[in-house]
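See below for the structure under consideration.
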Amino acid sequence: MTSQNIRQQFLDYFKSKQHQIVPSAPIVLKDDPTLMFSNSGMTQFKDYFLGYKTPSSPRIADTQKCLRVSGKHNDLDDVGRDTYHHTMFEMLGNWSFGDYFKKEAIDFAWELLTEVYKIPKENLYVTVFEGDKNENLGRDQEAFDYWKKHISEDRIINGNKKDNFWEMGESGPCGPCSEIHIDIRSDEEKAKVSGLDLVNNDHPQVVEVWNLVFMEFNRKADGSLEKLPNKHVDTGMGFERLCMALQGKTSNYDTDVFTPLISKVEELSGQKYTGILEDEKDIAIRVLVDHIRAVSFAIADGQLPSNTGAGYVIRRILRRAISYSYRFLNMKEAFLFELVAVLKNEMGDFFPELIKQEKLITEVIKEEENSFLKTIETGLLRLDHIITETIFKNEKILPGNQVFELYDTFGFPADLSRIIAEEKGLSIDEKAFDEEMLNQKTRSKKSSAQKVYDWEILDESPQEFVGYDESETETSINRFRKIENKDGIFHQIVLAKTPFYPEGGGQIGDKGFLIPSYAKDFDISNPNLFNIENNPEIIEILETKKENNLNISLIKDLPKDAGALFFAKIKNDDRQNSQANHSATHLLHEALRDVLGTHVEQKGSFVSPNYLRFDFSHFGKIGEEDLALVESKVNQKIKENLALQEFRNIPIAEAMEKGAMALFGEKYGDNVRLIQFGSSKELCGGTHVKNTGEIGHFKIQQETSAAAGIRRIEAISGEKSSEYFKNLEIEIKELSELLKTKDLKKSVEKLLEENSNLKSEIDSLNKEKANSEVSDWKNNYQEKDGKMLLVKKTSLDAGSVKDLVFQLKKEIPNSVTIILSDSQGKPMITVGVSADLEGKFQAGNIIKNMAKEIQGGGGGNPGFATAGGKNLEGLEKAYQMALEI
């Protein structure tokens, strides 16, 4: 039975049980402040469990892409070293939202496993929650009673809170669970040791295959449990482990989920996979085929590797794979990108984003590989300097802080540093390394630490968002909670009726005010009439975000009477500028597709009152003519004064029929909002102008590379565009007055010509000066123990000094040349070591301490190094140090 058959049988079974089959949600989460990635099948349904949204069906089933590489659920370090842990995996699941509960969930699971998949009943064990006195929770007797109708009681095992009480995170929906474990050992092994003793003991052939979670509680921020309004079922079955069991394998990596990828790695690397757990080569291959899936799906869903947030996690996974291939497969050139085509062929039919985004995924991975391989080469040179310096001091331990700097600043794998050090008979100061790592984590936690208290609920009524139509409204506070972060104590509020748009879709959230009734007519745009410092009853809205389908506004202090009526008013100027920029991104998207081709797709955006940023897929810099044409097309649409056509809350199928563009990586509900300006049609939840004429004018400021295969345009519109041209006009006028000309182009050309002539004269003079000094320098070398040393001060420019040092290196054997220069008030030190002394002296090591005296730094290779600095007075101390070499 192939993996495709196994997946399809699962979905067909639950479809026959009246479950709606829904597609997998994106693996990257954009609107959840508690998670970066979908780490379980239930993540996309969290709002249903909390009662913030109503599902289209009370019964749902799917297979969900999951990623477990951060936070509470983190399997990264286990990947490759066992047979069943993965970063990215599929979770098959069925859900009931207030419909069926424990009995049906248990019946469905048993029927599917034993009658559809034909798994022998004697190979299965189940667990039930044993209870927890601290939580005042008893044993899950109800689940036990249902299970014993299917399986003998001696195969039902009590499980503790760690294994059998499922929690999504520190807060949120939770409840007792029943795990189903499968024993795939040989009959001989089963005869020796009972499977009962191996359940939940990390045995590679006695593994959990399915978890049935019975959602009954909500974990509050203070740690207490409260009953959910309705009881729900959330099940998750590991697809890769299920394939292992049904295909008669003892490792997930031996199933057809991974074997095509492994075969490709074997072909490209020339290494044979044997499946041995302890073999470093085999571990590396398992890491590669696992990690390529995680990275590919993340990129397909819109998350590119970067240096922050979720992008940093993806880059870390990819670099881990590259490091393993470099170290254990001896792959010194990029090749992982060639696995993308294999993954697409195996999984593209069910996950079409792999087909649609194949070129982007391939190009991004290829560029990241090439970049990191260069980082490894650079790191090897830096590590060589550290090792040379350590040996020079007759020491055997590399400084842990320097090895950590290699890892943290330059991305050089710490494991690789250890291996190379061991080959040289050295070790690393692990204590110092760990201290640096702990300090970094502590700094990171402090910068992001935030304590969130439980909600104080004043009114359970649902919130109403009126911000598409109104900029102010009478309202009250439904709920509030206190939060503490590095900036102090704040409060978050949920308004009964809110005009404030929450951050989302690239658009920043609204700011504004909560104004008591006596001040409702204040003109908040006029600082002379409206001064918040003189009106302490007026509450400033600092930002607005979305969480669990609620628009949450941030304020500093709560009003004295939180239950009073207020007028909520948006900062209209900011809102109008933001929505002009947002509408401009839609016009820009269409213009880019018209000019460059339909391969262009939005890959990210940022919309603020001041400017817009738009990222899109394209494989090369855009020429000036094309860029001008794009800008012209956008401005033409603005001139046409196209009216906004808005279709709210329409079925997604209807929106697609109207020609709406949906973006990969975005999570859309059953009903969506369609925004149309002429032929531009996009699904969007942001705020927009009533007609394109309100945008005023659109001006592209720059076009750059955002990542491999991703270009970025930054632009302005409206008031900011007018300001830009006004400032440009003033600048041109000032330049004309300064140069006393009306023909700026001609005057600048003349200045450039004069500057070039003067530079040539200076270069000639410098060469003459250098030639006159070099003969004098040759006669000033001092002999020390058969070696020649020259320490000289000069005012020659850096280029001339470099040329002379290289000349002297060749002409003076057994020599060390140190030149300290003061060129135009900037100190510079240059060191040259002749080829016959490079084994005994390192130019980089010589210059290192001297550079500190001029408050600078630099580097080079064993034969040549330079350092520039800030402290000119330090040249004298550096000079004395040089004489002592």
Would you point out the residue of the stretch 182-211, among those that are of a type in the set (A, V, I, L, M) and under 43 Å from the mean Cα position of the chain (by Cα), that is surrounded by the fewest Cβ atoms within 10 Å (Cβ to Cβ)? Leu196
Conditions: (1) of a type in the set (Ser, Thr, Tyr); (2) modelled with pLDDT under 95; (3) farther than 28 Å from Lys65 by Cβ. Thr87 meets all but one. Number of the miss? (3)
Which of the residues that make up the stretch 158-171 are surrounded by fewer than 18 Cβ atoms within 10 Å (Cβ to Cβ) and in contact (Cβ under 8 Å) with a residue 24 or more places away in the chain? Asn158, Asn160, Lys161, Glu167, Gly169, Glu170, Ser171
Condition check: over 30 Å from Gly509 (Cβ atoms), crowded, with 19+ Cβ neighbours inside 10 Å and not assigned by TED's automatic domain parsing to the domain that holds Asp670. Does Leu113 satisfy that? yes
With the stretch 640-725 as the region, which strands (runs of 3 or more DSSP E) entirely inside it contain at least 3 residues that are farther than 23 Å from Arg575 by Cβ? 698-707, 710-717
Result of the Cβ filter at 6 Å on the stretch 117-145, keeping first residues that are farther than 24 Å from Val207 by Cβ and partners that are in a strand (DSSP E or B), at least 6 apart or interchain, is Gly131/Leu137
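From the list Lys778, Lys769, Lys792, exactly one residue is under 54 Å from the mean Cα position of the chain (by Cα) and either hydrophobic (A, V, I, L, M, F, W, C) or surrounded by 10 or more Cβ atoms within 10 Å (Cβ to Cβ) (or both). Which is it?
On the way: Lys778 fails: under 54 Å from the mean Cα position of the chain (by Cα); Lys769 fails: under 54 Å from the mean Cα position of the chain (by Cα).
None of the others qualify; the one that does is Lys792.
Residues to consider are Thr114, Thr83; find the one that is touching a Leu at 6+ places or on another chain (Cβ under 8 Å), more than 30 Å from Ile276 (Cα to Cα) and among the polar types (S, T, N, Q). Quick ask: steps written out before the conclusion?
Working: Thr83 fails: more than 30 Å from Ile276 (Cα to Cα).
Going through Thr114, Thr83 in turn, the sole match is Thr114.
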Index of the failed condition, Leu790 passing every other in (1) touching a helix residue (DSSP H, G or I) at 6+ places or on another chain (Cβ under 9 Å); (2) outside any strand (DSSP E or B); (3) among the aliphatic types (A, V, I, L, M): (2)
Do any residues in the stretch 326-343 that are in contact (Cβ under 8 Å) with a residue 60 or more places away in the chain and not assigned by TED's automatic domain parsing to the domain that holds Glu377 have Cβ atoms under 7 Å from those of residues that are in a helix (DSSP H, G or I) and polar (S, T, N, Q), where the two are at least six apart or on different chains, and which pairs are they? Leu329/Ser269; Met331/Ser269; Met331/Ser325; Leu343/Ser296
Any residue in the stretch 697-718 that is surrounded by fewer than 18 Cβ atoms within 10 Å (Cβ to Cβ) and either assigned by TED's automatic domain parsing to the domain that holds Asn551 or under 30 Å from Glu654 (Cα atoms) (or both)? no
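Among the residues of the stretch 134-179, count how many are of a type in the set (Ser, Thr, Tyr) and over 18 Å from Glu111 (Cβ atoms). First the steps, then the outcome.
Kept after step one, since they are of a type in the set (Ser, Thr, Tyr), are these residues of the stretch 134-179: 146, 152, 171, 178.
Retained after the next criterion (residues that are over 18 Å from Glu111 (Cβ atoms)): 171.
Counting residues in the stretch 134-179 that are of a type in the set (Ser, Thr, Tyr) and over 18 Å from Glu111 (Cβ atoms) gives 1.
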Would you please name the residue that is surrounded by the fewest Cβ atoms within 10 Å (Cβ to Cβ), looking only at residues in the stretch 599-639 that are touching a residue at least 60 places away in the same chain (Cβ under 8 Å) and assigned to a helix (DSSP H, G or I)? Leu627
Residue check, Ala105 small (Gly, Ala, Ser), closer than 27 Å to Lys162 by Cβ, touching a residue at least 60 places away in the same chain (Cβ under 8 Å) and not in a strand (DSSP E or B): yes
In this structure, does Lys546 turn out to be surrounded by 14 or more Cβ atoms within 10 Å (Cβ to Cβ), at pLDDT 90 or above, charged (D, E, K, R) and in the same structural domain as Thr475 (by TED's automatic domain parsing)? yes
With criteria (1) in contact with a strand residue (DSSP E or B) (Cβ under 6 Å, 6 or more places away or on another chain); (2) loosely packed, with under 15 Cβ neighbours inside 10 Å, Asn330 comes up short on (1)
Residue list for the stretch 255-312, restricted to those being surrounded by fewer than 21 Cβ atoms within 10 Å (Cβ to Cβ) and either within 20 Å of the chain's Cα centre (by Cα) or of a type in the set (Gly, Ala, Ser) (or both): Ser263, Ser269, Gly270, Gly275, Ser306, Asn307, Thr308, Gly309, Gly311, Tyr312
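The values are calculated or read from the model by the stated rules, or taken from the named source; none is laboratory data. Please read all numbers here as calculations on a predicted model, not as lab measurements. We place every Cβ from the backbone using ideal geometry, glycine too, and count neighbours over all the protein chains shown.
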